[in-house]
Amino acid sequence: MRPATGAKRAGMLAILSSVFGAGAVLADERPLIWSVSRSGDRDFAFRSGVEFDMGLRVSLGAESNVTAAGAAGSGTRVLPLRLWGDLTLVSQSTRQASVGLRFNARTGAARVVMAENRSTSVSPSLDVSASRGLEASPMNIVARQNVTFTFSDIDAAILADIALDSAASHQAYVTVRKGLPLGVSLSVSVGEFQSGSPAKVSARLQRRW
């Protein structure tokens, strides 16, 4: 019975994913927010909420992740529920800034999230974008900042990223991305610069079909 139940549940979730995915266009008509995304055959993410304008844009809602039962009957048995809220301070084409709250209803863990994004065109072939964010909880503080230089004329980009974590060592990465013919892209990253420790180098080759 469990395999049949798991298959039925997976099928139902797939239908919901299709329906709400098709309705994502309607979600742009505020104040309703909802989305269902699927990762693989069994993992689904749900996000819903409302948005309203009181001089500043305010949105809040709930989200969850579900793993449908498989042939062995394994899957999500207790639905995880996370509450979220965002206050948009600035919303422009070249700058966005917001502050938000995340709360895990099961564990009681809460954190405050602040983010700011800026972008500018230095020249017709060079765009620069920068973002910074801060996540603070009673037990931890994480600060992130990155800058991206995009060279459209040669289909390349340089990304510098820094993360400071009060519960772990800091990390810094520099990534170079280059577009190649036939939809192939190459990324090379050098990171985790630590005093007395060798830097880590990684490369990734990807093709769009």
Net charge over other residues, Cβ less than 9 angstrom from the Cβ of LEU83 (K, R count +1; D, E count -1): +1
Debye intensity ratio in log₁₀ form over the Cα atoms of segment 49-151, taken at each q of 0.19, 0.25 Å⁻¹: -1.01, -1.25
If N is the residue count of segment 129-180, its Cα Rg over 2.2 N^0.38 Å rounds to 1.43
Using 0.36 nm per residue of separation minus the Cα-Cα distance, give me the extension gain between LEU60 and VAL112 in nm, one decimal. 17.4 nm
Give, as a single signed number, the net charge of other residues whose beta carbon lies under 11 Å from the beta carbon of LEU134, with Lys and Arg counted +1 and Asp and Glu -1. +1
How large is ³J(HN,Hα) for each residue in segment 90-106, as worked out from phi by the Karplus curve 6.51 cos²θ - 1.76 cosθ + 1.60 (θ = phi - 60°), to whole Hz, x for Gly and Pro? 9, 9, 10, 5, 10, 7, 9, 9, 8, 9, x, 10, 10, 9, 8, 5, 7
Step through the residues of segment 171-179 one at a time and calculate ³J(HN,Hα) from phi using the Karplus curve (6.51 cos²θ - 1.76 cosθ + 1.60, θ = phi - 60°), rounding each to whole Hz and writing x for Gly and Pro. 9, 9, 9, 10, 10, 10, 10, 9, x
Cleavage-rule hits, trypsin sites (Lys or Arg not before Pro), segment 108-209, DSSP coil, Cβ neighbours within 10 Å at most 13: ARG208
Per residue of segment 117-123, what does 6.51 cos²θ - 1.76 cosθ + 1.60 with θ = phi - 60° give for ³J(HN,Hα)? Whole Hz please, x for Gly and Pro, Karplus curve as stated. 10, 10, 8, 7, 9, 6, 8
Would you pull out the residues with amide H under 5 Å of ALA105's amide H, same chain only if 5 or more places away, H placed 1.01 Å from N? LEU81, ARG82, LEU83
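FYI, it's all coordinate maths here, none of it is from the lab. Keep in mind the model is a prediction, meaning the values are calculated, not measured. Heads up, the Cβs are rebuilt from the backbone with ideal geometry, glycines too, and the neighbour counts pull from every protein chain shown.
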